[in-house]
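Note sheet for the following structure.
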Amino acid sequence: MIRSLVAALGLVALPAVAFASGGAEHHAPQWSLTLWAVVNFVIYLYLMRRFAWPAIREYLQDRRDDVVAALEAAARAREEAERLKAEFERRMQGLQSEAEKARAEILELARAEARRLIDQAEKTAELIRTDARLAADQEVARARHVLQKESAERITRLATELIAAQVTPQDQERFVEDFLAGSRGAVS
């Protein structure tokens, strides 16, 4: 306090001494003015120290507390942001591995489905081949039956025409007698 008072007096006295020493006329310095200025300045310092300084100190202390709190909040926010960033990166790694795993599972499911569809198509093709073979066999059997029937009818018709052309009435009588004789022998 005393140091600041002496420094203040020095600051007030210097301009008075400089004013007194300079100029065209040499007048004696007015020490009473300088003394009143010093007393006035000391009163000003006392009033400032007594009434204004506590308010200034309180403002500066509040401001310091606010700055410290803001710095601490910023440090906490930075730590939280770094934690969230690390968690996000960890999740991204997890998502990438999960995406690869899901992709592998989907590919395996697609392969299994493709194998199942191929097996089903092969079974269906085999059924179609079997059905076609059966249908072809039935068509061949039906065609044989039709051909045999037509052949039998033609042969019968040709044989009838040949017999009618070559068998005489005497041959017919002899066939009837042979038939009757054979049927009597079978009955007895």
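Table for the structure above
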item: Tabulated pairs, the range 96-125, first part of a helix (DSSP H, G or I), second at pLDDT 90 or above and surrounded by fewer than 10 Cβ atoms within 10 Å (Cβ to Cβ), C-beta under 8 angstrom, 6+ apart or interchain; result: none
item: Verdict on Ala141 being hydrophobic (A, V, I, L, M, F, W, C) and within 60 Å of the chain's Cα centre (by Cα); result: no
item: Residue within the range 167-185 that is within 59 Å of the chain's Cα centre (by Cα) and small (Gly, Ala, Ser) present; result: no
item: Residue pairs meeting the criteria (Cβ under 8 Å; at least 6 apart or on separate chains; first on the phi > 0 side of the Ramachandran plot and touching a residue at least 24 places away in the same chain (Cβ under 8 Å), in the range 35-58; second outside any helix (DSSP H, G or I) and surrounded by 11 or more Cβ atoms within 10 Å (Cβ to Cβ)); result: none
item: Matching residues, the range 110-136, being more than 30 Å from the chain's Cα centre (by Cα) and basic (Lys, Arg); result: Lys123, Arg129, Arg133
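The values are calculated or read from the model by the stated rules, or taken from the named source; none is laboratory data. Remember, predicted model here, so these are calculated numbers, not experimental data. All Cβ positions, glycine included, derive from the backbone under ideal geometry; neighbour counts span all protein chains shown.
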